[in-house]
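The values are calculated or read from the model by the stated rules, or taken from the named source; none is laboratory data. Everything numeric in this text was worked out from a predicted model, so none of it was measured. For neighbour counting, all protein chains shown are included, and Cβ atoms are generated from backbone atoms with ideal geometry for every residue, glycine included. SASA here: full protein model, heavy atoms, side chains in, ligands and nucleic acids out. Shrake-Rupley method; radii C 1.70, N 1.55, O 1.52, S 1.80 Å.
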Amino acid sequence: MYNIAVLGDRDSVLGFAALGLDIFPVQDAAQAQQQFRRLAGGSYAVIYVTEAAAEWLQEEIDKVRVQLTPAVILIPGTQGNTGEGMRSVHRSVEQAVGSDIL
């Protein structure tokens, strides 16, 4: 059975535990990369990553996006929305449909 993970700074991911999601707070780029690799190679179908943590993980996320699972979804963190999550959705839709319909 597949699980759902949330990766990012502690304050941003803590609330997701109440929803039953597996949370993985990280403090720096090295810790984020190590944890993301472990999650991507494990039993997680969806990995939510805060936009701030995604800045540290861009190469890792790009490698995983060509695979069927896990789906990597960027979410805003407590520091606010950088817009990267929405740009990611646009890229995914454009790739799937062949043009930007959004």
Distance in nm between label sites at Leu14 and Ala45, each 7 Å beyond Cα in the beta-carbon direction?
3.0
Spin-label pair Gln79/Ala29, simplified geometry with 7 Å Cα→Cβ offset, distance in nm:
1.2
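Could you report the stretch 1-76's accessible area per residue, 1.4 Å probe, as an integer in Å²?
Details: 4290 Å² over 76 residues.
Accessible area per residue: 56 Å².
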